[in-house]
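Structure first, then comments.
Every read-out reported here was derived from the displayed coordinates using simple, explicitly stated rules and does not represent laboratory data. All figures in this text were calculated on a predicted structure; none of them were measured in a lab. Here the Cβ is made from the backbone with ideal geometry for all residues, glycine too, and neighbour counts use every protein chain on show.
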Amino acid sequence: MRLIRPAVISLVCAAVVFAALLFGGSVLTGRLRAQQSGASPSPYYVITFVDLIPPTKDQGVALLKQYVDTTRKEPGNQSALALTQINRPNHLFLYEIWQNEDAFNKHESDAATRDFRTKIQPMLGAPFDQRAHSKLE
């Protein structure tokens, strides 16, 4: 019985690796090729977690709403939303979809974006937690 258990575990691990290579290999290979070629994924998804200090929540939410309205009008933006956590209304996140990484980078260097960040900085309970994503294919 003791000899069978390691063999079964090895067999299951091998099956998982085989399935990952069989079903996920083309996705991983495609991503690797895109990274090597320098191509950015399209569309380009960015999620930013925003933690506001409770006494400044209302003022921060107003700034976030203004930021979203401005962002939606920028070239290359496909969507921009500000969402709040139901049980902690001072914990929010921005969900943005951009045509590509270049469009997002232009947005990041834009004066309106820099101004927004300067204004909201004193209201933050933690630094922005910004993460870029791409769609699984």
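Give me the net charge of G60's neighbourhood, meaning all other residues with Cβ under 11 Å from the Cβ of G60; Lys, Arg count +1, Asp, Glu -1. Walk me through the intermediate numbers first.
On the way: positive: K57, K65, K119; negative: D51, D58.
In short, +1.
Bins of 10 Å, beginning at zero and ending with the bin holding the largest distance: percent of Cα pairs per bin for the range 67-111, please.
Per 10 Å bin, starting at zero, the Cα-Cα P(r) for the range 67-111 comes out as 27, 48, 20, 5 percent.
Per residue of the range 60-65, in order, report the coupling 6.51 cos²θ - 1.76 cosθ + 1.60 (Karplus, θ = phi - 60°) as ³J(HN,Hα) in whole Hz, putting x for Gly and Pro.
Rounded to whole hertz, the list is x, 4, 4, 5, 5, 4.
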